[in-house]
Amino acid sequence: MSSDKRHYAARAALRGMTAIALMALPATAMAGIVVASSGPSAKSYPPGTKLPDDGEITLKASDSVTILDKRGTRVLRGAGTFPVGSTAGPSRTTTFVALTTQRSASRVRTGAVRGSGPDGKPLRPNLWYVDVTSPGPVCVVDPAEVRAWRPSNEGDESYSVKPAGGGSATTLAFQTGSMVAPWEVAMPVTDGAAYVISRRGQSDVEVTFELLPQLDYAPEDLAEALLAKGCESQVSLLASSLVLPTD
């Protein structure tokens, strides 16, 4: 066997051993992450706080802490002491996969209306869609596959997009029955690139793109990465889409 073949075989064996080791880790190695909190204990559990699955959280009256882990989202409300981990019952794994799958332009044309989020708008069916009505940072994993999304599928609508620093404007065209449109903007999407989205009769919306590495994220790890980049609207979408049924 050549040295190159031996090298590749050794690497393949190492990957296999690593996968087996990860599968053997106990459930307590996993951790949930706080994605929202309010009430008297909010300072103790700010968004981004990691909590061990085998731990407990003690809340006061009027407290609310939203925890996202490998199974989905749970909202804990005080007063009381609660286990952090959700070890039984259904999970939102299928929903998470659908929500985070990067969809090519050839397979995205309409987009479906889903349940409402905390802001009253329909939930986006994909985490990487750019909401043309919501300003702020937008995290993406593939700059070549950016898609625009509107919270309605009624009527033809056009939005103007131009670089925040000045430059030529491009039109985003939504067709009747569609909530999704290609992001066909002349300037490429790069890390930190800012754009102003305009439509007559509405306030301008400025979005700034933040690039994430293309990794095989677990839900809690993705939430942590989004929080680190300031992509709070996507954290909210992730949490709302993965809510587990209450006991």
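The values are calculated or read from the model by the stated rules, or taken from the named source; none is laboratory data. In this text the structure is predicted, and so the values were computed from the model without any measurement. Reconstructed Cβ throughout: ideal geometry from the backbone, glycine too, with neighbour counts over all protein chains shown. These accessible areas exclude ligands, DNA and RNA; they are computed on the full protein's heavy atoms, side chains included. Shrake-Rupley method; radii C 1.70, N 1.55, O 1.52, S 1.80 Å.
Filter the stretch 91-123 for residues that are touching a helix residue (DSSP H, G or I) at 6+ places or on another chain (Cβ under 8 Å), open to solvent by less than 20 Å² (accessible area, probe 1.4 Å) and either modelled with pLDDT under 65 or within 19 Å of F209 (Cα to Cα) (or both) and give the result.
Of everything in the stretch 91-123, just one residue is touching a helix residue (DSSP H, G or I) at 6+ places or on another chain (Cβ under 8 Å), open to solvent by less than 20 Å² (accessible area, probe 1.4 Å) and either modelled with pLDDT under 65 or within 19 Å of F209 (Cα to Cα) (or both), namely L99.
Could you list all residues from the stretch 175-198 that are more than 22 Å from the chain's Cα centre (by Cα) and either surrounded by fewer than 12 Cβ atoms within 10 Å (Cβ to Cβ) or part of a strand (DSSP E or B) (or both)?
T176, A186, S198
Looking at (1) free of Cβ contacts under 8 Å to residues at least 24 places away in the same chain; (2) out of contact with any strand residue (DSSP E or B) (no Cβ under 6 Å at 6 or more places or on another chain), find the lone condition where P143 falls short.
Going through (1) free of Cβ contacts under 8 Å to residues at least 24 places away in the same chain; (2) out of contact with any strand residue (DSSP E or B) (no Cβ under 6 Å at 6 or more places or on another chain) one by one, P143 breaks only (1).
Kindly provide the set of residues from the stretch 39-68 that are under 17 Å from G85 (Cα atoms), charged (D, E, K, R) and either over 24 Å from the mean Cα position of the chain (by Cα) or surrounded by 19 or more Cβ atoms within 10 Å (Cβ to Cβ) (or both), ordered by number.
D53, D54, E56
On the basis of being over 17 Å from A239 (Cβ atoms), in a strand (DSSP E or B) and modelled with pLDDT of 90 or more, does T81 make the cut?
The answer is yes for T81.
Conditions (1) in contact with a helix residue (DSSP H, G or I) (Cβ under 9 Å, 6 or more places away or on another chain); (2) at pLDDT below 95, marked per residue:
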position: E145; (1), (2): yes, yes
position: G167; (1), (2): no, yes
position: P188; (1), (2): yes, yes
position: I197; (1), (2): no, no
position: F209; (1), (2): yes, no
position: A228; (1), (2): no, no
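Just to be sure before I move on: is D156 open to solvent by 30 Å² or more (accessible area, probe 1.4 Å) and under 22 Å from Q102 (Cβ atoms) in the structure I sent?
The answer is no for D156.
I need the full set of residues from the stretch 202-233 which are small (G, A, S) and open to solvent by 80 Å² or more (accessible area, probe 1.4 Å), in order please.
S203, A228
For G155, are the conditions met, namely being out of contact with any strand residue (DSSP E or B) (no Cβ under 9 Å at 6 or more places or on another chain) and outside any strand (DSSP E or B)?
Taking the combined requirement at face value, the residue does not satisfy it.
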